[in-house]
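Remarks on the structure that follows.
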Amino acid sequence: MEHFAQWLAQTDVSVAIQTHLWVIPAIQSVHIVAIGVVLSSVLMVDLRIFGYAGRDLTMPQTVRRFGSWLWGALGVLLITGIVMITGEPVRELMSLSFWLKMMQLAIGIALALMFQRALRHNAQRWDHAVSARVKFLAIVTLIVWLSIIFLGRLIAYDHVWGSWSMRPLE
Amino acid sequence: MDITTFLKQIEASGFATWIRDSLYAFPLIESCHVVGLTMVFGTIAIMDLRLLGIASVERPFTRVKNDILKWTWLAFALTVTTGLLMFITNAGVYFHNTQFRFKMALIALSGINMLVFELTAGRSVGRWSSDRIAPRAGRIAGALSLALWIGVIFLGRWVGFTSTRHLEPSQEINLDNIFQ
């Protein structure tokens, strides 16, 4: 991985990002804006599941309202994420936080797909009463996305993992 | 007491020193700040997009707002608290940082924008709440709010690149202090 990161850092496109100093902060900002859309979409669906918000909407209506924004924002996150990896490959790829984040991301996406599938089969039932299992998964989903935000920020501080860090403090 | 002395004093306080010296405190506080600010932005965007007639148009504006605004304030409280904690670790630098000052100005403008909205379109909300799109004053407030908060996020990230951070691990590529 280190060889790959160092090779990537020397490619033309990576050098171009590194030499235009505004690119990384600007792309990071777009990334954060998109995270705002993802987190709030997950939050609104969760609040609907628990009956704290949007009770005038059915579950399918709620998911239709926020689902497309969630997937759209995830697309933006993927693109801006790839630009950041290309611009700073060693910083990203040589960090435990990054790989834990990717793992959590896979779980978060799997949970969202599972939820949408389950909703299609149980739409009517869920509008009357959501089962404890679904409520539990809703909380797990929110925690997974919160952990993704934490891990994303911790990429800048990989030393917090101590000896597990791929980039320990000198 | 002048401001420089005051900033030095809060920087030297036991609490600020503890955050600075801890390996974990600052990264975790900063992560909570990101959670808070993304929630502030995302929930405000839901209301702004409703005003602009882009999303949630089938629901009355007041219903959207009543559902969401309390979560926005909760998230805002988390963001301000964590922001203050980060500020005290390096108060002098942040205070004189141009991007930081612009960021505070934009947050103040967002507050003014919200007040103006409440005093204009907000007063007659009963008349247009169920319309798919808000009257002009509401649309302007919604668009301004979106632009201001996106500006706050950009400036906030920029502050991170222009203010010195304690404890910078050595790396092959480190763009964190690039603007110095």
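If the cut-off is a Cα-Cα distance under 23 Å, which lysines reach B:Lys8, setting aside same-chain residues fewer than 8 apart in sequence? Correct list for B:Lys8: B:Lys103. Straight-distance candidates among the aspartates and glutamates for linking to A:Lys101, with alpha-carbon spacing under 14 Å and chain neighbours fewer than 8 residues away dropped: A:Glu92, A:Asp158. For region A:49-103, the set of trypsin sites (Lys or Arg not before Pro) satisfying both a DSSP loop assignment and a count of at most 15 other C-beta atoms within 10 Å is given as A:Arg55.
Between B:His96 and B:Ile10, residue separation times 0.36 nm minus the direct Cα-Cα distance comes to 29.5 nm. All other residues whose Cβ lies under 10 angstrom from that of B:Leu155 are scored, Lys and Arg at +1 and Asp and Glu at -1, for a net of +3. Relative to the longest principal axis of the Cα atoms of chain A, the long axis of helix A:96-128 makes an angle of roughly 10 degrees. Within the shell of other residues whose beta carbon sits under 9 angstrom from the beta carbon of B:Phe61, the net charge comes to +3, with Lys and Arg scored +1 and Asp and Glu -1.
Only Cα sites of chain B enter the Debye sum here, all with the same form factor; the resulting log10 I(q)/I(0) across q = 0.12, 0.16 1/Å is -0.66, -0.97, listed in q order. Region A:103-170 and region A:16-48 have Cα centres spaced 17 Å apart. The local environment of A:Ala138, defined by Cβ-Cβ distances under 11 Å, has a net charge of +2 under the rule Lys, Arg +1 and Asp, Glu -1. For region B:69-81, the Karplus equation 6.51 cos²θ - 1.76 cosθ + 1.60, evaluated at θ = phi - 60°, returns couplings of 4, 5, 6, 4, 5, 4, 5, 5, 4, 4, 5, 5, 4 Hz by residue, with Gly and Pro reported as x. For n ≥ 4 DSSP H runs only, could you compute -39500 (n - 2.57) per run for the protein assembly as shown, divide by its residues and tell me the 222 nm figure to the nearest 500? After summing the helix terms and dividing by the residues of the protein assembly as shown, the value is -25500 deg cm²/dmol. Across peptide A:18-30, the mean count of Cβ atoms from other chains lying within 10 Å of each residue's own Cβ comes to 4. Full extension of the chain between A:Met1 and A:Arg55 gives 14.6 nm of extra length, using 0.36 nm per residue less the Cα-Cα distance. Placing R0 at 30 angstrom, the Cβ-Cβ distance between B:Ile54 and A:Leu78 gives a FRET efficiency of 0.85 after rounding to 0.05.
Axis of helix B:3-12 versus longest Cα principal axis of chain B: the two differ by about 70°, to the nearest ten degrees.
Throughout, read-outs are computed from the coordinates displayed, never taken from laboratory work. Bear in mind that the values here come from a model prediction, so they are computed numbers and not experimental data. As a convention, Cβ positions derive from the backbone with ideal geometry for all residues, glycine included, and neighbour counts pool all protein chains shown.
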